[in-house]
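Visitor: My structure is below; once you've seen it, I'll send some questions.
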Amino acid sequence: VATDAENLRAVVDQAIQASQHPYWRQPEFWIATVLTVVGVLLSAFAAYEAREAKRAANRAGRYVKLQSVTIELTEVAQKLAQIEPEALYREVRDQLQEITRKIRRVIAPYVQEANLRTAIDAVYAALDAAQEALHAVRPSPPAKEGEVPNAVYLAMEGQFASINNALADLIGLFEMKTVDQGDAHGQ
Amino acid sequence: MASEISEQIKKYTARLVADTLGGRVVWTRLNPTTFGWDSTDGTQARVTLQEVEVPRVVVGPSGRTVRQVKRYVLQATDLPTRQVRLDLDSRQDEIIHASLAELYRAVSDSISQRGLDYLSSLLPPEN
């Protein structure tokens, strides 16, 4: 019985002693707390950096894409300037189909962008007008094509120039977007 | 000088209009917007008349728009040499434009009339 009482006393003494020296007053508590806070801060910083890296990668991707769009449209514009006075109907038809397909493919991802919509609509309108103009010189019958000097050239020269002008406006806007993206990418 | 030439062109196209409507000059359609006439009296030549639509940028209250403007090209080719001897564009001046537009209408009407006459000849007689 005496031993139990002594044990109980010892436990009570320890409890009293512990209550007089709380854990938060001990250096171990503060070391652990500081380490935990530093760990949380480092994790948050790492997550922020990862998110920023992803954004930068997206911006870089858009920048490269815009550059390739600009280059492709410039190539098309150069091709449009190559129509020859002796061009035959089927040659111009094939050329117009190729150009139309390429332009539509390249600018399709941007048709919903508000600041490009007017310029893109102008390009589509110029392509439609060129298609109409080409239809207006479709030889009937085809064997008679050679009887009309430069008929296809006369019909298409202005239309190709119109596509080129509309395309030049659009290329200018894409170049400006490329500069903006480049600045953002640089930052 | 330029107006003198324009007046001459006006005179010649007026003659062509009259000959076309009178059936002395017979044109054929070479494509939807081009007509041709082969002259075989004396000099062998081919005359072609083409209507061309050209885009023009117009700035109005609603902004910049593109309109299709008509122009006409009259060419005469010497058949033995295949050389283009006359190349007339209605862009040159208003008188030429009006003359060629009138000729184009006359040619178009005469061809339509020939087509209608042919259709009429196919129809069974009316009872």
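Visitor: Against the conditions (1) in contact (Cβ under 8 Å) with a residue 40 or more places away in the chain; (2) surrounded by 15 or more Cβ atoms within 10 Å (Cβ to Cβ); (3) away from chain A (no Cβ under 14 Å), where does B:Ser108 fall short? Just the number, please.
Guide: Condition (3) is where B:Ser108 drops out.
Visitor: Quick check on the range A:7-15. Is at least one of its residues touching a His at 6+ places or on another chain (Cβ under 6 Å), among the small types (Gly, Ala, Ser), at pLDDT below 90 and surrounded by 10 or more Cβ atoms within 10 Å (Cβ to Cβ)?
Guide: no
Visitor: Evaluate the following for B:Leu100: is it touching a residue at least 60 places away in the same chain (Cβ under 8 Å) and part of a strand (DSSP E or B)?
Guide: So B:Leu100 fails the test.
Visitor: Just wondering, is there one or more residues in the range B:16-29 that are at pLDDT below 90 and within 12 Å of another protein chain (Cβ to nearest Cβ)?
Guide: Among the residues of the range B:16-29, not one is at pLDDT below 90 and within 12 Å of another protein chain (Cβ to nearest Cβ), which makes the answer no.
Visitor: From (1) in contact (Cβ under 8 Å) with a residue 40 or more places away in the chain; (2) buried (at least 16 other Cβ atoms within 10 Å of the Cβ), pick out the condition that doesn't hold for A:Glu86.
Guide: (2)
Yes/no per residue for (1) more than 14 Å from the chain's Cα centre (by Cα); (2) within 8 Å of chain A (Cβ to nearest Cβ); (3) not β-branched (Val, Ile, Thr):
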site: B:Ile9; (1), (2), (3): no, no, no
site: B:Ala14; (1), (2), (3): no, no, yes
site: B:Thr48; (1), (2), (3): no, yes, no
site: B:Glu53; (1), (2), (3): no, yes, yes
site: B:Val66; (1), (2), (3): yes, yes, no
site: B:Lys70; (1), (2), (3): no, no, yes
site: B:Asp78; (1), (2), (3): yes, no, yes
site: B:Gln83; (1), (2), (3): yes, no, yes
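Visitor: When you go through (1) closer than 17 Å to A:Ile171 by Cβ; (2) modelled with pLDDT of 95 or more one by one for A:Val69, which number turns out not to apply?
Guide: (2)
Visitor: Continuing with this model, one more query. Report, by residue number, each residue of the range B:77-97 that is touching a residue at least 24 places away in the same chain (Cβ under 8 Å) and loosely packed, with under 11 Cβ neighbours inside 10 Å.
Guide: B:Pro80
Visitor: Any residue at all in the range A:39-54 that is within 30 Å of A:Arg105 (Cα to Cα) and free of Cβ contacts under 8 Å to residues at least 60 places away in the same chain?
Guide: yes
Visitor: Looking at B:Val84, B:Val59, B:Val107, B:Val66, can you tell me which residue is at pLDDT 95 or above and either out of contact with any Gly (no Cβ under 6 Å at 6 or more places or on another chain) or within 26 Å of A:Pro141 (Cβ to Cβ) (or both)?
Guide: Residue meeting the stated conditions: B:Val107.
Visitor: Please specify each residue of the range A:114-140 satisfying the condition of being more than 8 Å from chain B (Cβ to nearest Cβ) and touching a Leu at 6+ places or on another chain (Cβ under 9 Å).
Guide: Residues satisfying the conditions are A:Asn115, A:Leu116, A:Ala119, A:Ile120, A:Val123, A:Leu127, A:Ala130, A:Gln131, A:Leu134.
Visitor: Quickly run through the range B:16-32 and pick out the residues that are within 13 Å of the chain's Cα centre (by Cα) and not in a helix (DSSP H, G or I).
Guide: Within the range B:16-32, B:Val25, B:Val26, B:Trp27, B:Thr28, B:Arg29, B:Leu30, B:Asn31, B:Pro32 meet the criteria.
Visitor: Applying the selection to the range B:17-42, what residues are among the charged types (D, E, K, R), free of Cβ contacts under 8 Å to residues at least 40 places away in the same chain and more than 17 Å from B:Leu100 (Cα to Cα)?
Guide: Answer for the range B:17-42, where residues must be among the charged types (D, E, K, R), free of Cβ contacts under 8 Å to residues at least 40 places away in the same chain and more than 17 Å from B:Leu100 (Cα to Cα): B:Arg24, B:Asp41.
Visitor: (1) within 13 Å of chain B (Cβ to nearest Cβ); (2) within 18 Å of A:Val69 (Cα to Cα): which one isn't true of A:Gly146, the others all being true?
Guide: (2)
Visitor: For the range A:149-182, which positions are under 27 Å from B:Arg85 (Cα atoms), more than 8 Å from every other protein chain (Cβ to nearest Cβ) and of a type in the set (A, V, I, L, M)?
Guide: A:Val152, A:Met156
Visitor: Same structure, new question: Condition test on B:Gly115, is it farther than 25 Å from A:Glu86 by Cβ and within 14 Å of another protein chain (Cβ to nearest Cβ)?
Guide: Yes, satisfied.
The values are calculated or read from the model by the stated rules, or taken from the named source; none is laboratory data. This is a predicted model, so every value here is computed, not measured. Note that we place each Cβ from the backbone using ideal geometry, even for glycine, and neighbour counts take in every protein chain shown.
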